Structures are given as C-alpha cells and as structure tokens.
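Q: Dropping a structure here in structure tokens format, bear with me for questions.
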Amino acid sequence: MRLLSNQKSGCWCEIGEIELADSKKIRLLGLGIKSGLMVSVLRNRGGDMVLALGNARVSVGRTLAQYIEVKG
C-alpha cells in the first residue's frame, strides 16, 4: 500500500482509496481531492504537503495524507 504522505517531491500519482471518516472526506472533496485524480507532489518536507491539482495548489496536512492511498 502506497500512501500520499510517503511520496517524494516532483512525483505524479493517482489518488486511490481514502480511508477517512465522511466529514474528513467531504473536506478533501472541497479542496478538489478525490479518488482517481492525478496530482503532483510539489513539496513534502515532513510537515504539510503541497499538491498541484491542475493550476491549483493545495496544502494537505501530514495526518490526512497518511490515510490517502495512491497508485502509480
């Protein structure tokens, strides 16, 4: 199982299963993060992660990123 929190800066990956409570999933959906989405990891330095979703930039906390599986 590959987790978003373990991905290195500059990597592209597809969001897979999100193992969170519904309220947290809704919060991620509000940011544009959902299963099947291709994202680029712009920064992963041990704190919050910065992801590129097309032209948008989104910061995701490490705690949430540990519950998001990725493919590819």
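Q: What FRET efficiency, computed as 1/(1 + (r/R0)^6) with R0 = 22 Å and r the Cβ-Cβ distance, is obtained for ALA56 and LYS24, rounded to the nearest 0.05?
A: E(calc), rounded to 0.05, equals 0.70.
Q: Modelled label-to-label distance, ARG43 and ASN6, 7 Å Cα→beta-carbon offset: nm?
A: Label at ARG43, label at ASN6, 2.4 nm between them.
Q: Something else now. Long-range amide H contacts for ARG2: which residues qualify at under 5 Å (H placed 1.01 Å from N, peptide plane, sequence gap of 5 or more or a different chain)?
A: Here VAL70 satisfy the definition.
Just so you know, all these numbers are worked out from the coordinates, no wet-lab data involved. Bear in mind that the values here come from a model prediction, so they are computed numbers and not experimental data. Note: ideal-geometry Cβ built from the backbone for every residue, glycine included; neighbour counts use all protein chains shown.
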